[in-house]
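Enquirer: Have a look at this one before I ask anything.
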Amino acid sequence: MAEIVNLNRFRRNKAKAEKSVQAAANRVSHGRTGAEKAADRQAAERRAALLDGARRDDVDAPGGDEPPPGR
């Protein structure tokens, strides 16, 4: 015979585990110094600038701003 399971208790335990995972993530992101946050912000801006700098502009191509056929 199968073991009887209280579904309400199961749901509460699952929610509690999910909250503890979220709390751990919040401790990591919010428990940092101002210098660490500034360094992360600067790294994100650097990555975004690098990505934008590598973007191709096909404005000089015939057809102007229209994307090539098939896209």
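Enquirer: Restricted to segment 43-55, and to residues that are part of a helix (DSSP H, G or I) and hydrophobic (A, V, I, L, M, F, W, C), which residue is nearest to the chain's Cα centre (by Cα)?
Expert: A44
Enquirer: From the list A49, A61, pick out the single residue that is aliphatic (A, V, I, L, M), surrounded by 10 or more Cβ atoms within 10 Å (Cβ to Cβ) and at pLDDT below 85.
Expert: When all the criteria are applied, what remains is A61.
Enquirer: With respect to D40, determine if the residue is at pLDDT 85 or above, part of a helix (DSSP H, G or I), surrounded by 10 or more Cβ atoms within 10 Å (Cβ to Cβ) and on the phi < 0 side of the Ramachandran plot.
Expert: Yes, satisfied.
The values are calculated or read from the model by the stated rules, or taken from the named source; none is laboratory data. Just so it is clear, the model here is predicted, and its values are computed rather than measured. A quick note on method: Cβ atoms are made from the backbone with ideal geometry, for glycine too, and the neighbour counts reach across all protein chains shown.
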